[in-house]
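To start, the structure itself, in C-alpha coordinates.
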Amino acid sequence: MSASPRVCKVVLHRLLVPVISHRRVNVKVVTVKRNFCNETFKREQYDKDVSKTFGENMHNRARYVIFFQYIGTQYSGAVKVPSCQLVRKGVQDHLEDAIRKLKPLNQVSMTVSSRTDRGVHALSNSAHFDLQRQNNKPPFSEDILVEALNFHLRAEQIGITRAQRVPENFHARYCAQSRTYVYRIALGISHHSLIPLTDQHLCWSIPNTELDVGAMREAAALLVGTHDFSSFKAANSDDPSKSLVKTLDVVSIQPGSSFARAHFHREMAFLELTFTSRSFLYKQVRRMTGALVAVGRGKRSVLQLHELLLARDSLAFPNFMLAPADGLFLTKVAYRETDLQLSQQTSEERFISSGNSEE
(Lines give C-alpha, C1' and ligand atoms only; values in the text may rest on other atoms or scores of the structure.)
Protein backbone atom coordinates (compact mmCIF):
# COMPACT_ATOMS: atom_id res chain seq x y z
CA MET A 1 0.00 0.00 0.00
CA SER A 2 1.48 3.39 -1.00
CA ALA A 3 1.99 6.13 1.56
CA SER A 4 -0.24 9.18 1.51
CA PRO A 5 1.15 12.45 0.09
CA ARG A 6 1.07 14.00 3.56
CA VAL A 7 3.19 11.17 5.05
CA CYS A 8 5.70 11.48 2.18
CA LYS A 9 5.96 15.20 2.73
CA VAL A 10 6.66 14.79 6.46
CA VAL A 11 9.33 12.13 5.81
CA LEU A 12 11.00 14.27 3.14
CA HIS A 13 11.05 17.27 5.49
CA ARG A 14 12.68 15.24 8.28
CA LEU A 15 15.33 13.97 5.87
CA LEU A 16 16.14 17.37 4.42
CA VAL A 17 16.29 19.59 7.51
CA PRO A 18 19.43 18.00 9.08
CA VAL A 19 21.25 18.17 5.74
CA ILE A 20 20.32 21.80 5.11
CA SER A 21 21.40 22.85 8.58
CA HIS A 22 24.96 21.65 7.82
CA ARG A 23 25.26 22.43 4.12
CA ARG A 24 24.86 25.58 2.13
CA VAL A 25 21.89 25.45 -0.22
CA ASN A 26 21.90 27.07 -3.62
CA VAL A 27 18.60 28.76 -4.17
CA LYS A 28 17.39 30.20 -7.43
CA VAL A 29 17.69 33.96 -7.45
CA VAL A 30 14.34 35.66 -7.14
CA THR A 31 13.96 39.31 -8.03
CA VAL A 32 11.43 41.17 -5.94
CA LYS A 33 10.47 44.77 -5.27
CA ARG A 34 10.86 46.21 -1.80
CA ASN A 35 10.76 49.69 -0.40
CA PHE A 36 14.03 50.97 1.05
CA CYS A 37 14.29 54.53 2.36
CA ASN A 38 11.16 55.53 0.43
CA GLU A 39 12.62 54.29 -2.87
CA THR A 40 11.51 51.22 -4.86
CA PHE A 41 14.19 49.03 -6.36
CA LYS A 42 14.87 45.44 -7.33
CA ARG A 43 16.92 43.24 -5.02
CA GLU A 44 18.22 39.68 -5.27
CA GLN A 45 16.94 37.31 -2.56
CA TYR A 46 19.20 34.40 -1.64
CA ASP A 47 19.31 33.04 1.86
CA LYS A 48 16.04 34.69 2.94
CA ASP A 49 14.23 32.22 0.69
CA VAL A 50 16.15 29.38 2.33
CA SER A 51 15.22 30.74 5.74
CA LYS A 52 11.52 30.98 4.93
CA THR A 53 11.40 27.52 3.41
CA PHE A 54 13.65 25.50 5.69
CA GLY A 55 13.82 27.55 8.90
CA GLU A 56 17.60 28.18 8.77
CA ASN A 57 18.85 30.13 11.77
CA MET A 58 19.59 33.68 10.56
CA HIS A 59 20.03 35.48 13.87
CA ASN A 60 23.73 36.12 13.26
CA ARG A 61 23.25 37.68 9.83
CA ALA A 62 24.08 41.39 9.77
CA ARG A 63 23.91 44.20 7.24
CA TYR A 64 26.79 46.67 7.21
CA VAL A 65 27.49 49.95 5.49
CA ILE A 66 31.16 50.64 4.89
CA PHE A 67 32.81 53.92 3.96
CA PHE A 68 35.93 53.54 1.84
CA GLN A 69 38.51 55.54 -0.06
CA TYR A 70 40.60 54.75 -3.11
CA ILE A 71 42.95 56.16 -5.71
CA GLY A 72 41.06 55.35 -8.88
CA THR A 73 43.92 55.51 -11.39
CA GLN A 74 44.43 51.75 -11.69
CA TYR A 75 40.78 50.68 -11.44
CA SER A 76 38.04 50.49 -14.06
CA GLY A 77 35.70 52.43 -11.78
CA ALA A 78 33.88 51.96 -8.49
CA VAL A 79 31.59 49.09 -9.48
CA LYS A 80 32.47 45.56 -10.47
CA VAL A 81 33.33 44.67 -14.03
CA PRO A 82 31.64 41.79 -15.91
CA SER A 83 34.03 38.84 -16.15
CA CYS A 84 33.83 38.92 -19.95
CA GLN A 85 35.21 42.49 -19.93
CA LEU A 86 37.76 42.05 -17.18
CA VAL A 87 40.68 44.22 -18.31
CA ARG A 88 40.97 46.08 -15.02
CA LYS A 89 39.00 45.21 -11.93
CA GLY A 90 36.64 47.67 -10.36
CA VAL A 91 36.97 48.74 -6.73
CA GLN A 92 33.89 46.65 -5.89
CA ASP A 93 35.60 43.50 -7.22
CA HIS A 94 38.42 43.94 -4.69
CA LEU A 95 36.03 44.76 -1.84
CA GLU A 96 33.94 41.65 -2.50
CA ASP A 97 37.10 39.52 -2.73
CA ALA A 98 38.13 40.84 0.70
CA ILE A 99 34.71 40.00 2.18
CA ARG A 100 34.88 36.46 0.75
CA LYS A 101 38.15 35.93 2.60
CA LEU A 102 36.17 36.31 5.82
CA LYS A 103 34.42 33.07 4.75
CA PRO A 104 30.80 34.16 5.20
CA LEU A 105 27.99 31.64 4.99
CA ASN A 106 25.96 33.74 2.57
CA GLN A 107 26.78 34.69 -1.00
CA VAL A 108 28.70 37.99 -1.17
CA SER A 109 26.80 40.72 -2.98
CA MET A 110 27.60 44.40 -2.44
CA THR A 111 25.74 47.55 -3.49
CA VAL A 112 27.90 50.65 -4.02
CA SER A 113 26.27 54.04 -3.44
CA SER A 114 28.17 56.07 -6.04
CA ARG A 115 29.44 54.55 -9.26
CA THR A 116 32.48 56.67 -10.02
CA ASP A 117 34.09 56.35 -13.45
CA ARG A 118 37.52 54.96 -14.38
CA GLY A 119 40.29 57.13 -12.97
CA VAL A 120 38.03 59.01 -10.54
CA HIS A 121 39.05 58.88 -6.87
CA ALA A 122 37.14 58.81 -3.59
CA LEU A 123 37.87 60.02 -0.09
CA SER A 124 34.54 58.61 1.06
CA ASN A 125 32.37 56.33 -1.04
CA SER A 126 29.98 53.88 0.62
CA ALA A 127 28.41 50.46 0.09
CA HIS A 128 26.25 47.97 1.94
CA PHE A 129 26.37 44.18 2.14
CA ASP A 130 25.04 41.33 4.26
CA LEU A 131 27.34 38.99 6.17
CA GLN A 132 26.49 35.83 8.05
CA ARG A 133 29.31 34.05 9.86
CA GLN A 134 29.74 30.30 9.93
CA ASN A 135 29.30 28.01 12.91
CA ASN A 136 26.68 30.30 14.42
CA LYS A 137 29.30 32.90 15.37
CA PRO A 138 27.99 36.38 16.26
CA PRO A 139 28.38 39.26 13.77
CA PHE A 140 31.73 41.01 13.55
CA SER A 141 32.06 44.18 15.56
CA GLU A 142 32.52 47.24 13.35
CA ASP A 143 36.15 47.86 14.36
CA ILE A 144 37.15 44.25 13.76
CA LEU A 145 35.44 44.27 10.37
CA VAL A 146 37.38 47.38 9.30
CA GLU A 147 40.69 45.86 10.42
CA ALA A 148 39.98 42.53 8.71
CA LEU A 149 38.95 44.07 5.38
CA ASN A 150 41.91 46.45 5.36
CA PHE A 151 44.24 43.49 6.01
CA HIS A 152 42.93 41.75 2.89
CA LEU A 153 43.08 45.00 0.88
CA ARG A 154 46.64 45.85 1.88
CA ALA A 155 47.99 45.28 -1.65
CA GLU A 156 45.46 47.70 -3.18
CA GLN A 157 45.04 51.49 -3.15
CA ILE A 158 41.75 50.97 -1.35
CA GLY A 159 41.05 51.51 2.34
CA ILE A 160 38.02 51.10 4.61
CA THR A 161 37.63 54.13 6.86
CA ARG A 162 34.50 53.14 8.79
CA ALA A 163 31.87 50.40 9.11
CA GLN A 164 28.48 50.46 10.77
CA ARG A 165 25.77 47.88 11.31
CA VAL A 166 22.52 49.11 9.82
CA PRO A 167 18.91 47.93 9.56
CA GLU A 168 18.22 45.18 7.02
CA ASN A 169 16.21 47.62 4.88
CA PHE A 170 19.09 50.08 4.57
CA HIS A 171 20.25 50.68 1.00
CA ALA A 172 23.54 52.50 0.39
CA ARG A 173 22.46 53.97 -2.94
CA TYR A 174 18.83 54.88 -2.38
CA CYS A 175 19.14 56.05 1.21
CA ALA A 176 21.85 58.58 0.31
CA GLN A 177 20.62 62.13 0.88
CA SER A 178 23.48 63.86 -0.95
CA ARG A 179 26.79 63.27 -2.65
CA THR A 180 29.66 65.76 -2.77
CA TYR A 181 32.39 65.86 -5.40
CA VAL A 182 35.48 68.05 -5.42
CA TYR A 183 37.44 68.73 -8.61
CA ARG A 184 41.08 69.84 -8.18
CA ILE A 185 42.80 72.04 -10.79
CA ALA A 186 46.51 72.95 -10.78
CA LEU A 187 47.24 76.25 -12.52
CA GLY A 188 50.31 77.35 -14.46
CA ILE A 189 51.68 73.87 -15.13
CA SER A 190 53.44 73.76 -18.50
CA HIS A 191 54.23 70.03 -18.24
CA HIS A 192 52.78 67.31 -16.02
CA SER A 193 56.28 66.36 -14.81
CA LEU A 194 56.36 69.63 -12.85
CA ILE A 195 53.57 68.46 -10.57
CA PRO A 196 54.69 67.01 -7.21
CA LEU A 197 54.41 63.23 -7.00
CA THR A 198 51.77 63.66 -4.32
CA ASP A 199 49.49 65.38 -6.86
CA GLN A 200 50.23 63.45 -10.06
CA HIS A 201 47.09 61.83 -11.45
CA LEU A 202 45.20 63.60 -8.64
CA CYS A 203 44.46 66.90 -10.37
CA TRP A 204 43.92 68.51 -13.77
CA SER A 205 46.98 70.58 -14.68
CA ILE A 206 46.45 73.46 -17.11
CA PRO A 207 49.02 75.98 -18.36
CA ASN A 208 46.94 79.03 -17.51
CA THR A 209 48.32 80.82 -14.47
CA GLU A 210 45.02 82.59 -13.93
CA LEU A 211 41.39 81.91 -14.70
CA ASP A 212 38.56 84.42 -14.61
CA VAL A 213 37.14 83.06 -11.37
CA GLY A 214 34.51 85.80 -11.23
CA ALA A 215 33.06 84.69 -14.57
CA MET A 216 33.27 81.06 -13.49
CA ARG A 217 31.29 81.80 -10.32
CA GLU A 218 28.69 83.71 -12.32
CA ALA A 219 28.33 80.71 -14.62
CA ALA A 220 28.26 78.30 -11.67
CA ALA A 221 25.32 80.17 -10.17
CA LEU A 222 23.30 79.28 -13.28
CA LEU A 223 23.79 75.58 -12.55
CA VAL A 224 22.50 75.74 -8.97
CA GLY A 225 18.91 74.62 -8.51
CA THR A 226 16.66 72.17 -10.34
CA HIS A 227 17.31 71.80 -14.07
CA ASP A 228 17.20 69.33 -16.92
CA PHE A 229 20.92 68.52 -17.23
CA SER A 230 20.65 66.58 -20.50
CA SER A 231 23.43 68.68 -22.03
CA PHE A 232 25.78 67.58 -19.24
CA LYS A 233 25.29 63.83 -19.42
CA ALA A 234 27.50 61.54 -21.47
CA ALA A 235 26.05 60.91 -24.92
CA ASN A 236 26.56 57.13 -24.53
CA SER A 237 24.65 56.86 -21.24
CA ASP A 238 21.09 56.66 -22.52
CA ASP A 239 18.88 55.21 -19.80
CA PRO A 240 15.19 55.97 -20.34
CA SER A 241 14.37 55.07 -16.73
CA LYS A 242 16.72 57.68 -15.25
CA SER A 243 15.49 61.22 -14.74
CA LEU A 244 17.58 63.91 -16.40
CA VAL A 245 16.26 66.51 -13.96
CA LYS A 246 18.63 67.02 -11.04
CA THR A 247 18.85 69.52 -8.19
CA LEU A 248 22.28 70.98 -7.59
CA ASP A 249 22.47 72.26 -4.02
CA VAL A 250 26.04 73.57 -4.14
CA VAL A 251 28.45 74.70 -6.85
CA SER A 252 31.38 76.57 -5.35
CA ILE A 253 34.81 77.62 -6.62
CA GLN A 254 37.50 78.21 -4.01
CA PRO A 255 41.32 78.35 -3.82
CA GLY A 256 42.92 74.98 -3.13
CA SER A 257 46.43 73.73 -2.46
CA SER A 258 48.88 70.99 -3.32
CA PHE A 259 48.97 67.93 -1.06
CA ALA A 260 52.70 68.70 -0.71
CA ARG A 261 52.23 72.41 -0.05
CA ALA A 262 54.19 72.51 3.20
CA HIS A 263 57.17 70.67 1.76
CA PHE A 264 57.38 71.56 -1.93
CA HIS A 265 60.09 73.94 -3.16
CA ARG A 266 57.73 76.34 -4.96
CA GLU A 267 54.22 77.69 -4.62
CA MET A 268 51.53 76.22 -6.83
CA ALA A 269 48.10 77.70 -7.44
CA PHE A 270 45.13 75.34 -7.15
CA LEU A 271 41.37 75.72 -7.56
CA GLU A 272 38.77 73.42 -6.05
CA LEU A 273 35.30 73.15 -7.59
CA THR A 274 32.74 71.59 -5.25
CA PHE A 275 29.41 70.09 -6.37
CA THR A 276 26.69 68.72 -4.08
CA SER A 277 23.47 67.01 -5.16
CA ARG A 278 21.42 63.98 -4.22
CA SER A 279 22.53 62.32 -7.45
CA PHE A 280 24.35 63.09 -10.67
CA LEU A 281 24.19 61.93 -14.26
CA TYR A 282 27.03 59.95 -15.78
CA LYS A 283 30.02 62.29 -16.29
CA GLN A 284 27.88 65.29 -15.30
CA VAL A 285 30.47 66.70 -12.87
CA ARG A 286 33.32 66.40 -15.36
CA ARG A 287 31.24 68.11 -18.03
CA MET A 288 30.21 70.93 -15.71
CA THR A 289 33.82 71.38 -14.62
CA GLY A 290 35.04 71.51 -18.20
CA ALA A 291 32.40 74.07 -19.14
CA LEU A 292 33.25 76.29 -16.16
CA VAL A 293 36.97 76.13 -16.97
CA ALA A 294 36.17 77.07 -20.59
CA VAL A 295 34.40 80.16 -19.21
CA GLY A 296 37.41 80.91 -16.99
CA ARG A 297 39.75 80.66 -19.97
CA GLY A 298 37.55 82.92 -22.07
CA LYS A 299 36.73 80.16 -24.58
CA ARG A 300 33.05 80.30 -23.65
CA SER A 301 30.95 83.12 -22.24
CA VAL A 302 28.56 82.89 -19.30
CA LEU A 303 25.71 83.35 -21.80
CA GLN A 304 26.96 80.43 -23.90
CA LEU A 305 27.05 78.16 -20.86
CA HIS A 306 23.47 79.16 -20.06
CA GLU A 307 22.45 78.39 -23.64
CA LEU A 308 24.15 75.00 -23.36
CA LEU A 309 22.13 74.23 -20.23
CA LEU A 310 18.89 75.27 -21.94
CA ALA A 311 19.68 73.19 -25.04
CA ARG A 312 18.97 69.96 -23.10
CA ASP A 313 21.00 68.03 -25.68
CA SER A 314 24.05 65.92 -24.81
CA LEU A 315 25.33 66.29 -28.38
CA ALA A 316 25.47 70.06 -27.93
CA PHE A 317 28.36 69.64 -25.49
CA PRO A 318 31.76 69.91 -27.25
CA ASN A 319 33.89 66.83 -26.51
CA PHE A 320 37.03 68.91 -26.02
CA MET A 321 35.51 70.57 -22.94
CA LEU A 322 35.23 67.34 -20.90
CA ALA A 323 37.48 67.58 -17.85
CA PRO A 324 39.77 64.55 -17.32
CA ALA A 325 38.99 62.01 -14.61
CA ASP A 326 42.26 62.61 -12.72
CA GLY A 327 41.13 65.64 -10.76
CA LEU A 328 37.78 64.36 -9.51
CA PHE A 329 37.19 63.13 -5.95
CA LEU A 330 34.01 61.85 -4.35
CA THR A 331 34.40 63.33 -0.87
CA LYS A 332 31.14 62.57 0.94
CA VAL A 333 27.98 60.47 0.82
CA ALA A 334 25.51 61.74 3.42
CA TYR A 335 22.75 59.77 5.16
CA ARG A 336 20.05 60.53 7.71
CA GLU A 337 20.99 59.22 11.13
CA THR A 338 17.55 57.63 11.43
CA ASP A 339 18.25 55.48 8.36
CA LEU A 340 21.50 54.23 9.90
CA GLN A 341 20.15 53.42 13.35
CA LEU A 342 19.39 49.85 14.38
CA SER A 343 16.34 48.98 16.44
CA GLN A 344 16.78 48.90 20.21
CA GLN A 345 16.60 45.10 20.27
CA THR A 346 19.26 44.71 17.57
CA SER A 347 21.51 47.22 19.33
CA GLU A 348 21.30 45.20 22.54
CA GLU A 349 22.12 41.99 20.62
CA ARG A 350 25.12 43.72 19.04
CA PHE A 351 26.38 44.79 22.49
CA ILE A 352 26.00 41.27 23.90
CA SER A 353 27.79 39.64 20.95
CA SER A 354 30.62 42.15 20.59
CA GLY A 355 32.77 40.38 23.16
CA ASN A 356 33.14 37.30 20.96
CA SER A 357 33.25 39.02 17.60
CA GLU A 358 37.02 38.61 17.16
CA GLU A 359 36.72 34.85 16.57
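The order of the peptides 216-223, 131-138 by mean Cβ neighbours within 10 Å, most packed first, is 216-223, 131-138. Between G256 and F270, L271, E272, the built amide H atoms are under 5 Å apart, and every one of these is 5 or more places off in sequence or on another chain. Sort the stretch 130-209 into rounded, prolate or oblate with this rule: let a ≥ b ≥ c be the square roots of the eigenvalues of the Cα gyration tensor; rounded if a/c is under 1.5, and if a/c is not under 1.5, prolate when a/b is larger than b/c, oblate otherwise. Oblate.
Counted residue by residue at 0.36 nm each, then reduced by the alpha carbon distance between them, the extension gain from V213 to T247 reaches 9.9 nm.
Multiplying the sequence separation of T161 and Q200 by 0.36 nm and subtracting their Cα-Cα distance, what value in nm do you get?
On the way: separation 39, 0.36 × 39 = 14.04 nm, distance 2.31 nm.
Additional length available on full extension: 11.7 nm.
If you plug the beta carbon distance of L340 and H59 into 1/(1 + (r/R0)^6) with R0 = 25 Å, you get a FRET efficiency near 0.75. Net charge in the neighbourhood of L308 (other residues with Cβ under 15 Å of its Cβ; Lys, Arg +1, Asp, Glu -1) is +3.
Can you give me the % of accessible surface on the stretch 60-174 that is carbon or sulfur? Probe 1.4 Å, all protein chains present, nothing else counted. Before the final figure, lay out each step's value.
Working: 2150 of 4770 Å².
Reported share for carbon and sulfur atoms: 45 percent.
At a 1.4 Å probe, what is the % contribution of carbon and sulfur to the accessible area of the stretch 177-336? Write out the running numbers ahead of the final one.
On the way: 3990 of 7630 Å².
Carbon and sulfur together cover 52 percent of it.
Enter the Cα centre distance for the pair the stretch 95-138 and the stretch 192-250, rounded to the nearest angstrom. Answer, in whole Å: 30. The residues of the stretch 60-174 have, on average, 42 Å² of accessible surface per residue, using a 1.4 Å probe with all protein chains present.
Local charge for A334 was computed over the other residues whose Cβ lies under 15 Å away, with Lys and Arg +1 and Asp and Glu -1, and equals +3. The peptide list 291-302, 72-83, put in order of mean Cβ contacts within 10 Å with the highest first, becomes 291-302, 72-83.
The values are calculated or read from the model by the stated rules, or taken from the named source; none is laboratory data. It should be emphasised that the depicted structure is a prediction, and the values quoted were computed from it without experimental measurement. Note that each Cβ is placed from the backbone with ideal geometry, even for glycine, and that neighbours are counted across all protein chains shown. For accessibility, only protein heavy atoms count, side chains too; no ligands or nucleic acids. Shrake-Rupley method; radii C 1.70, N 1.55, O 1.52, S 1.80 Å.
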